[in-house]
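Comments concern the structure below.
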2 protein chains.
Amino acid sequence: MLSEFDLIARYFTRPPRRQDVSVGIGDDCALLIPDHEAQLAISSDMLVEGRHFFPGAEPHALGHKCLAVNLSDLAAMGAEPVAFTLALALPEANQEWLARFSSGLLELADRHGCELIGGDTTKGPLNICITIFGKVPPGQALKRDAARAGDDIWISGNLGDARLALAGYRSELDLDESTLANAAGRMHRPTPRVELGMALRGIARAAIDVSDGLSGDIAHILKKSAVGARLQIDALPAGPMLAAQDQSIRRRFMLAGGDDYELCFTAPASMRDAVLHAAAASGTAVTRVGVIEDKPGLRLVDRDGAILDLETDSFDHFTSP
Amino acid sequence: MLSEFDLIARYFTRPPRRQDVSVGIGDDCALLIPDHEAQLAISSDMLVEGRHFFPGAEPHALGHKCLAVNLSDLAAMGAEPVAFTLALALPEANQEWLARFSSGLLELADRHGCELIGGDTTKGPLNICITIFGKVPPGQALKRDAARAGDDIWISGNLGDARLALAGYRSELDLDESTLANAAGRMHRPTPRVELGMALRGIARAAIDVSDGLSGDIAHILKKSAVGARLQIDALPAGPMLAAQDQSIRRRFMLAGGDDYELCFTAPASMRDAVLHAAAASGTAVTRVGVIEDKPGLRLVDRDGAILDLETDSFDHFTSP
């Protein structure tokens, strides 16, 4: 049988790739050599089978997604990925599963120069906990408390496709095969907007990544910054699949879908050209969708400026079904 | 019902305590200001209900233990605790459980000046993943690959009490009430040897914390350092409870018990006085138990110098029962 140490050696241990990793996997701790010109950004996400992903999820995509959601947190701070730890509870040491999971994980890690430096493996109900480390020059992190009245609100990429896939899986909507496959790709292999986040340093003010649904996530910026927002609901970016759906579905999935891993950020109106330039330089579309206001709360308006009243609860792990 | 955000705010969010924590709980990432004179030591441990602790474990002790096992990894590198993240999967948001768990966790954190800076909470089978950060001056970390032939081998505190408690719980041994209660205290509330680890910088060479059982854990030092060891089995430190047991149980529990969270370290013979001084200064007993040798492998000898052949498998999460 594959031991815990064989498992780590076979699927997760590679020669060190980064010069700032002094000790990697295989000691009591990893050792990082800090960058004197940067602060260290740290985030941790735990993914549970049956909660964040379907039982029996394809392991290559799962490895990708577990790291992607953490990279997305770095992106939302404007931080550059450095390294991560992986703690993994597995019902059994299935070698095919491990080979595919580690490939999906490490391929995305290599794309961002982010090194696996340690972690833990144990037997238990499938649970994947990644803690990620990035670096950002002092004072340049994109924090949730930095939005100011008058700021534009921007969204990267498009919203709602992961929720569309979920609607297909749940048979809430009757999707054709290629629509479901494409939407499922957005759900299972999200693209963290790391390059955009870094390009927005010194340009954007506040940022958050959209993981639980836009309306709930933007509320964190509004609360921390003590401001409100007006969102042009018909300006929200839908991809071609969601654009083909009814207006009410389109709006609901973009506002409260979740699992998008796009960036929602604010920037002064004087920075519009700079935002568009940063987006182009990082190969990421961005859309201006509203404005930060002094008055607290989130106001949704249609193209005629009428204020809408929509049910837009975002996902909460303890109060959502 | 308590939401995920209320839960974090109520039980885990406090005013920042450390000046090197620039952003704590409540943003996409925490931000640490690095110490220019130090390397960053990072370790991650995942504890699963029914595997690392009993179902229904007392939550205050559980909070203590989850952080203690991570602090023990810092101790084994000689690192000073700085901060940690907590990712928590809970079957339900039980407020009494949360209050006691967070008290046990944060009391130990405060004792070591180690700040909770972020994490994640989700619904799922009970699983606790902590990633801890410490600092250590460059070149002074106690690494597993640093043992040299001729080094003394030392053990902090004493070994085998957690295994004794397990034997009581499993009715392998008939323990009286106070013995079981005392041994259980060692199992449920281990003392991480943080001060000793820091005091051994520049004195000890290699170190590891004893979590899976001494014979298995010391093997990691021997392998990484390409050396062997001779252990005086009757020199191993037993506490008074274990000392009252039969020789064969005493030996087995000290060599292959696990859950000890003592330090096993090596130091040149010329450093004996310095080791004893460091131990006294940190209020921790240490015992010299053997010597590092060129010849690979672990040799156990009794007080007459005869080599013993004992079954000493340590715990492995995938091959152990």
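Read-outs: derived from the displayed coordinates by stated rules, not from any lab. The model shown is predicted, which means the values in this text are computed figures rather than measured ones. FYI the Cβ positions are ideal-geometry reconstructions off the backbone, even for glycines, and counts take in every protein chain you see.
Exposed loop sites here mean GluC sites (Glu not before Pro) with a DSSP loop assignment and at most 15 other beta-carbon atoms within 10 Å; chain B contains its longest site-free run at B:173-310.
Legend: distances between Cα atoms for A:223/B:65; B:123/B:143; A:123/B:143; A:223/B:135; pairs beyond 30 Å are A:223/B:65; B:123/B:143; A:223/B:135.
Between residue B:54 and residue B:99, the simple label model (points 7 Å from Cα in the Cβ direction) yields a spacing of 2.4 nm. The DSSP beta bridges internal to the range B:4-136 are antiparallel in roughly 70% of cases.
Only Cα pairs under 8 Å and 6+ residues apart enter the sum, and on that basis the relative contact order of chain B stands at 22 percent. The 3J(HN,Hα) values that the Karplus relation (6.51, -1.76, 1.60; θ = phi - 60°) gives for the range A:197-202 are, in residue order, x, 5, 5, 8, 4, x Hz. Gly and Pro appear as x. Based on DSSP H segments of at least four residues, each scored -39500 (n - 2.57), chain A has a per-residue ellipticity at 222 nm of -10000 deg cm²/dmol. Over the range B:4-136, all Cα pairs binned in 5 Å intervals from 0 give whole-percent P(r) values of 2, 10, 22, 25, 21, 12, 6, 2, 0, listed from short to long. Grab the other residues whose beta carbon is less than 9 angstrom from that of residue B:152, score K and R as +1, D and E as -1, and report the net. Combined, the nearby Lys, Arg, Asp and Glu give +1.
At q = 0.11 Å⁻¹ the log10 of I(q)/I(0) for chain A amounts to -0.71, computed by Debye summation with a single uniform scatterer per C-alpha, solvent ignored.
Using only alpha-carbon positions in the protein assembly as shown, the gyration tensor eigenvalues give semi-axes of 48, 25, 22 Å once each is multiplied by 5 and square-rooted (largest first).
Isolated cysteines of chain B, defined as having no other cysteine beta carbon under 4.7 Å away, are B:29, B:66, B:114, B:264. Here the simple spin-label model places points 7 Å from the Cα toward Cβ, and for residue A:281 and residue B:294 these points are separated by 6.0 nm.
How much net charge surrounds residue B:98 when only the other residues with a Cβ under 13 Å from the Cβ of residue B:98 are counted, with Lys and Arg +1 and Asp and Glu -1? The partial results should precede the final answer.
Working: positive: B:10, B:100; negative: B:4, B:6, B:92, B:96.
Local charge sum for residue B:98: -2.
Note on the range A:28-104: Kirkwood radius taken over Cα pairs, Stokes-Einstein applied at 20 °C and 1.002 mPa s, translational D equal to 150 µm² s⁻¹. In terms of surrounding Cβ atoms within a 10 Å radius of their Cβ, B:230, B:186 rank from fewest to most as B:230, B:186. Between residue A:148 and residue A:172, the C-beta separation translates, for a Förster distance of 41 Å, into a calculated FRET efficiency of about 0.60. Distance between the pseudo-spin-label points of residue A:309 and residue B:235 (7 Å out from Cα toward the beta carbon): 8.1 nm.
Beta bridges assigned by DSSP with both partners in chain B are antiparallel in approximately 75 percent of cases.
When DSSP beta bridges are limited to those with both residues in the range A:144-308, what percentage is antiparallel, rounded to the nearest 5?
Numbers: 19 of 25 bridges.
The antiparallel proportion sits near 75 percent.
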